[in-house]
1. Not counting ligands, DNA or RNA, and with a 1.4 Å probe, what is residue 53's accessible surface area in Å² rounded to the nearest 10?
2. Hey, got the dipole for the chain? About the Cα centre, +1 on K and R Cβ, -1 on D and E Cβ, debye to the nearest 20?
3. Taking every DSSP beta bridge that has both residues in the chain, what percent is antiparallel when rounded to the nearest 5?
4. Can you tell me how much longer the chain between residue 15 and residue 201 gets when fully stretched, taken as 0.36 nm per residue apart minus their C-alpha distance, in nm with one decimal?
5. For the range 199-261, what ratio Rg/Rh do Cα atoms give with a Kirkwood hydrodynamic radius?
6. Based only on the alpha carbon positions, what is the Kirkwood hydrodynamic radius of the range 15-76, in angstrom?
7. Does the range 142-258 come out rounded, prolate or oblate, given a ≥ b ≥ c as the square roots of the eigenvalues of its C-alpha gyration tensor, rounded meaning a/c under 1.5 and, failing that, prolate meaning a/b above b/c?
8. Once the cut-off is 30 Å, how many percent of the Cα-Cα pairs in the chain end up in the long-distance tail?
Amino acid sequence: MNPGSKQALSRQLASHRGQYGIDGGGRALAGLLWPAGGGLLLLGLSLLPMSPKPLLQRALEFLAGAALLQVPASFFYSTIRGKFAVWAELLAGLDLRGNERILEIGCGRGAILAMLGKLLPEGRAVGLDLWRTEDQSGNSLESARTNLVSEGVADRCELHTGDMRALPFPDASFDLVVSNLAIHNIPEKDSRREAIDEAIRVLKPGGRILIADLFRTEEYVQRLEEAGLRAVSCRPLGWRFWFGVLGVTPRLVTAEKPASGTSPPETTPPDLPP
Ligand SMILES: C[S@@+](CC[C@H](N)C(=O)[O-])C[C@H]1O[C@@H](n2cnc3c(N)ncnc32)[C@H](O)[C@@H]1O
């Protein structure tokens with residue numbers, strides 16, 4: 001596909017009709033109260049015409065207020081538009097045939113799953129989630145189902161309730177496994193590792209994996225390399241995916257499971273005879 005057609009496809013994927021909530025749910029909104037409140041207060045102080053104060057102080061208050069207000073602005077941009085634009089470009093760039101079986105672990109209300117459905121006229125997009133409202137506002141099986149219907153892809157998609165640490169799917173049953181902002185929600189490192197191992201298990205030989213996340217991406221890279229996946233890479237996702245989290249670089253981790261016939265390196269040393 002030429003670059004012009006890819007751009008058109010990604011614009012088409014990014015536009016959506018469903019309601020996808022706010023990532024991080026109430027916790028994220030509560031965390032934004034301080035920067036939003038502090039930012040408005042400082043901007044107000046800097047612009048108050050009556051109060052006598054040096055120009056430098058006004059300028060500093062203004063700059064500090066604007067910097068704080070950028071946190072909620074970035075968060076809302078990322079959750080409402082940025083993640084759709086970023087994933088639309090990623091998926092348009094995959095050159096899918098349209099008959100693949102693709103799994104999203106932690107699909108939530110279906111923002112990425114619906115895009116996958118649009119790319120799979122003869123395939124299947126499968127979403128799995130525990131529907132935790134603390135990770136996405138209004139999260140539920142029903143809201144995901146309603147969105148898939150609104151986007152016109154319900155017949156190409158499946159929804160499963162389950163835990164990504166114990167996937168209810170056979171080995172080697174998907175061409176691609178994707179995950180967006182989901183694995184970091186598992187608090188324990190060993191459990192996050194189980195989720196990565198499960199994603200690898202259900203991937204077909206030659207299949208690909210794409211994980212976008214705000215935190216813990218270095219762990220995913222390490223585990224994928226230990227498990228012998230090929231072409232493991234990690235790159236920043238840029239300002240559209242910043243989600244207002246200061247000092248964090250959201251990243252995309254990608255890898256490929258070796259095709260059958262090529263054996264991955266051992267992840268643990270074999271038992272040696274005494
Ligand atoms: C921030 S939301 C992102 C949802 C979706 N990927 C998107 O981009 O809109 C994180 C999702 O991970 C899900 N999740 C968290 N822990 C999970 C687990 N152990 N197994 C399955 N899903 C999980 C939550 O229920 C939530 O839907």
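The values are calculated or read from the model by the stated rules, or taken from the named source; none is laboratory data. Model, not experiment: these values are computed from the prediction. A quick note on method: Cβ atoms are made from the backbone with ideal geometry, for glycine too, and the neighbour counts reach across all protein chains shown. Heavy atoms of the whole protein, side chains included, go into the accessibility calculation; ligands, DNA and RNA do not. Shrake-Rupley method; radii C 1.70, N 1.55, O 1.52, S 1.80 Å.
1. The accessible area of residue 53 comes to roughly 40 Å².
2. Details: 30 positive and 30 negative charges, 211 e Å.
I would put it at about 1020 debye.
3. 40
4. The residue 15-residue 201 span can extend by a further 63.7 nm.
5. Details: Rg = 12.9 Å, Rh = 12.3 Å.
Here the Rg-to-Rh quotient is 1.05.
6. Details: mean 1/r = 0.0758 Å⁻¹.
With all distinct Cα pairs of the range 15-76 included, I get 13.2 Å.
7. Note, shape of the range 142-258 comes out oblate.
8. Of the Cα pairs, 35 percent sit more than 30 Å apart.
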